[in-house]
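One structure below.
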Amino acid sequence: MLLKDKVAVITGGAGLNGLGYATARMMASQGARVVILDLARAEPAAAAAALGEGHLGLVADVTDKASCDQAAAQVLQALGRIDILVNNAGITQPRKTLDITSADYDAVLDVSLRGTLFMSQAVLPAMREQRAGAIVCISSVSAQRGGGILGGPHYSAAKAGVLGLARAMAREYGNDNVRINCVTPGLIATDINKGLIPADRMKGILEGIPLNRIGEPDDVAGCVVFLASDLAKYLTGVTLDVNGGMLIH
């Protein structure tokens, strides 16, 4: 098993059809003890219980630094260590540039970018102390190609910020044997985009994807598991594209 006895924390992981939960399920199957963090309305405890025994679900708001710190402390108290963090929590909005309000901007950047910083800050001291850790941040192909599918420009900006933040943290914590990498999914079939793309537009999107299909949550989860495992022990600061060839560069 690739993650035997590892403790993995996944933010925004309670949605059963989402990338976070697919990652949680795959990490559990690879021997990890998984901690799902999410808002109360997402019922993270129930999501963790569905994975089987030994997993934990905690209520946490990644936009609140105290909430992140408290969640990390609870994990350390319950499980003794934190080996993996997956910064998955994020929201999107279909806005045009001139329609983005201050509230829209704050909402999207707070979850994706501020949340990535706050949760990383919460776990890095423990990883540094144990001189081992892996953080995987979920960005988006939107950050690289300038949007163009569902999220507005502020979503692209937030996800591009995640790339820069992760690379900078990778430089800072490499000497502590903490690896920090990013995954940039393309269009993935999750609840966040279900029913939002008309058939005629989907046809055009598929024509631009060499593998001729949109992705499945497990396509992304497998790459996250790889980056979190010792198979990737000499990778840090990497951006791994998972988009079926939508962006070949």
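On the basis of the beta-carbon distance and an R0 of 22 Å, K65 and L231 show a calculated FRET efficiency of 0.10. Taking the average, over residues, of other Cβ atoms within 10 Å as the packing measure, peptides 97-109, 224-236, 153-165 rank 153-165, 224-236, 97-109 from highest down. Checking the Cα-Cα distances for K65/K159; K203/K233; K159/K233; K4/K65; K65/K96 against a 27 Å cut-off, the pairs over it are K203/K233; K4/K65; K65/K96.
Its alpha carbons considered, the chain gives a radius of gyration followed by a Dmax of 17.1, 53 Å. Each Lys and Arg contributes +1 and each Asp and Glu -1, all at the Cβ; summed about the Cα centre of the stretch 7-242, the dipole is approximately 400 debye. Annotation note: trypsin sites (Lys or Arg not before Pro) in the stretch 37-101 located in DSSP loop regions with a Cβ neighbour count of at most 10 within 10 Å are K96.
Annotation: the antiparallel percentage among DSSP beta bridges lying fully within the chain is about 0.
Sorting 4-14, 173-183 by their mean Cβ neighbour count within 10 Å, with the most densely packed peptide first, gives 4-14, 173-183.
For the chain, list the DSSP H helices whose alpha carbon atoms reach 20 Å or more along the long axis and whose average Kyte-Doolittle value is -0.5 or above?
Span-like helices, by this rule, are 65-79, 115-130, 153-173.
Subtracting the Cα-Cα distance of A40 and A78 from their residue separation scaled by 0.36 nm leaves 11.7 nm. Electrostatic bookkeeping for V141 treats Lys and Arg as +1 and Asp and Glu as -1; over the other residues with beta carbon under 9 Å from its beta carbon, the sum is +1. Summarising the label geometry, the points placed 7 Å from Cα in the beta-carbon direction at L150 and L206 lie 1.8 nm from one another. Residues whose amide H falls under 5 Å from that of R179, counting only those 5 or more places apart or on a different chain, are G133, A134, I135, with hydrogens built in the peptide plane. Count Lys and Arg as plus one, Asp and Glu as minus one, and take only other residues whose Cβ is under 9 Å from that of V7; the net charge is then +1.
Taken together, the values in this text are just the output of simple stated rules run on the coordinates, not laboratory data. No experiment lies behind these values; they were computed from the predicted model shown. In this analysis, Cβ positions are derived from the backbone assuming ideal geometry, glycine residues included, and neighbour counts consider all displayed protein chains.
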